[in-house]
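**Student:** Structure incoming, see below.
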Amino acid sequence: MTRDMTTNRRALLQTLAAGGAWAALPATSFAQSGGDMPMAQLMQPSPLPDLWVGSKDAPVTMIEYASMTCPHCAHFHNETWPELKKAYIDTGKLRFVLREFPFDPLATAGFMLARCAGDDKREAVVDLLFAQQPKWAFTDKPLEGLQNVIRQTGMTQQTFESCLRDKALYDNLNAVRDRGAKEFKVDSTPTFFIN
């Protein structure tokens, strides 16, 4: 029998920091918002392919919905993510995916650029953008700041501009967000689902 529960971000992070007792709960879902959520529904293909980190055979799956301009998401990725990856993902206990849930056009642009970097570089670009979020997301000239940060990845100006004009990518990214909101009741970030 599946036991579902809803918890907020603070409780989730406290649980993770407590040493991983949550991993022993094989069929439990934690979400910042929403309620009962069947994992089969969460695992159905999205308009953009999920780019998983960790073993496909991991006993626990974690899905995060995040926005690139969300300070709480950046805090999670800068402070909690490295330890989570080291203790659970790198050891085969957890499989993780970040799904795009942009709250504004700038967050959409950040996620588009991460996707344009390629599947094998997307996570590194996401990490870079979260690490340097204050340099681009909260400035007087955010697009210029975003260009400067992305330049560190080796992306050319031409690729940068071409990526941001990719209508299909834009539509698919927003479809991932809309699906999260409609089907999974995501209304804030970060939102985590853990089975």
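The values are calculated or read from the model by the stated rules, or taken from the named source; none is laboratory data. Fair warning: this is a prediction, and the values are worked out from it, not measured in the lab. Glycine also receives a Cβ, built like all others from the backbone with ideal geometry; neighbour counts cover every protein chain displayed. In case anyone asks, the SASA skips ligands and DNA or RNA and just uses the protein heavy atoms, side chains included. Shrake-Rupley method; radii C 1.70, N 1.55, O 1.52, S 1.80 Å.
**Student:** Being closer than 18 Å to W136 by Cβ, without any contact (Cβ under 8 Å) to a residue 40 or more places away in the chain and open to solvent by 70 Å² or more (accessible area, probe 1.4 Å): is that true of R165 here?
**Tutor:** Numbers: closer than 18 Å to W136 by Cβ: no; without any contact (Cβ under 8 Å) to a residue 40 or more places away in the chain: yes; open to solvent by 70 Å² or more (accessible area, probe 1.4 Å): yes.
When the stated conditions are applied, R165 does not pass them.
**Student:** Within the set of pairs 6+ apart or on separate chains, which have a first residue in region 116-132 that is more than 13 Å from R151 (Cα to Cα), a second that is among the charged types (D, E, K, R), and C-beta atoms under 7 Å apart?
**Tutor:** R122/R115
**Student:** So which residues in region 41-58 are open to solvent by less than 30 Å² (accessible area, probe 1.4 Å), farther than 23 Å from L169 by Cα and modelled with pLDDT under 95?
**Tutor:** Step one: of region 41-58, the residues open to solvent by less than 30 Å² (accessible area, probe 1.4 Å) are 42, 46, 48, 51, 53, 58.
Add one more test, that the residue is farther than 23 Å from L169 by Cα, and what stays is 58.
Correct list: empty.
**Student:** Let me ask something else about it. Can you spot a residue in region 171-186 that is open to solvent by 60 Å² or more (accessible area, probe 1.4 Å) and either farther than 19 Å from F101 by Cβ or touching a Lys or Arg at 6+ places or on another chain (Cβ under 9 Å) (or both)?
**Tutor:** Initially, region 171-186 is screened for residues open to solvent by 60 Å² or more (accessible area, probe 1.4 Å), giving 171, 177-178, 182-183, 185.
If we keep only those that are either farther than 19 Å from F101 by Cβ or touching a Lys or Arg at 6+ places or on another chain (Cβ under 9 Å) (or both) as well, we get 177.
Looking through region 171-186, at least one residue is open to solvent by 60 Å² or more (accessible area, probe 1.4 Å) and either farther than 19 Å from F101 by Cβ or touching a Lys or Arg at 6+ places or on another chain (Cβ under 9 Å) (or both).
**Student:** What number of residues in region 152-161 are touching a residue at least 12 places away in the same chain (Cβ under 8 Å) and part of a helix (DSSP H, G or I)?
**Tutor:** To start, the set of residues in region 152-161 that are touching a residue at least 12 places away in the same chain (Cβ under 8 Å) comprises 152-153, 155, 159-160.
Still in the running and part of a helix (DSSP H, G or I): 159-160.
The total comes to 2.
**Student:** For a quick check of your reading of the model, give me the residue pairs whose first member lies in region 37-49 and is closer than 14 Å to V97 by Cβ, whose second is among the hydroxyl-bearing types (S, T, Y), with beta-carbon atoms closer than 9 Å and at least 6 apart or on different chains.
**Tutor:** Taking only residues 6 or more apart or on different chains, the pairs are M39/T2; M39/S29; M39/T61; L42/S29; L42/T61; M43/T61.
**Student:** Of the residues Y65, Y88, only one is touching a helix residue (DSSP H, G or I) at 6+ places or on another chain (Cβ under 8 Å), over 27 Å from G154 (Cβ atoms) and open to solvent by less than 10 Å² (accessible area, probe 1.4 Å); which?
**Tutor:** Values: Y88 fails: open to solvent by less than 10 Å² (accessible area, probe 1.4 Å).
Exactly one of Y65, Y88 is touching a helix residue (DSSP H, G or I) at 6+ places or on another chain (Cβ under 8 Å), over 27 Å from G154 (Cβ atoms) and open to solvent by less than 10 Å² (accessible area, probe 1.4 Å), namely Y65.
**Student:** Another question, if that's okay. Just to be sure before I move on: is S188 of a type in the set (S, T, Y) and either within 17 Å of H75 (Cα to Cα) or within 12 Å of the chain's Cα centre (by Cα) (or both) in the structure I sent?
**Tutor:** Numbers: of a type in the set (S, T, Y): yes; either within 17 Å of H75 (Cα to Cα) or within 12 Å of the chain's Cα centre (by Cα) (or both): yes.
In short, yes.
**Student:** Right, something else. Considering only region 121-162, how many residues are open to solvent by 60 Å² or more (accessible area, probe 1.4 Å) and in contact with a Lys or Arg (Cβ under 9 Å, 6 or more places away or on another chain)?
**Tutor:** Matching residues across region 121-162 total 3.
**Student:** Report yes if P38 is under 17 Å from D127 (Cβ atoms), open to solvent by 10 Å² or more (accessible area, probe 1.4 Å) and either modelled with pLDDT under 95 or not basic (K, R) (or both), otherwise no.
**Tutor:** no
**Student:** Next question. Would you check if there is a residue in region 78-94 being at pLDDT 95 or above and touching an Asp or Glu at 6+ places or on another chain (Cβ under 6 Å)?
**Tutor:** No.
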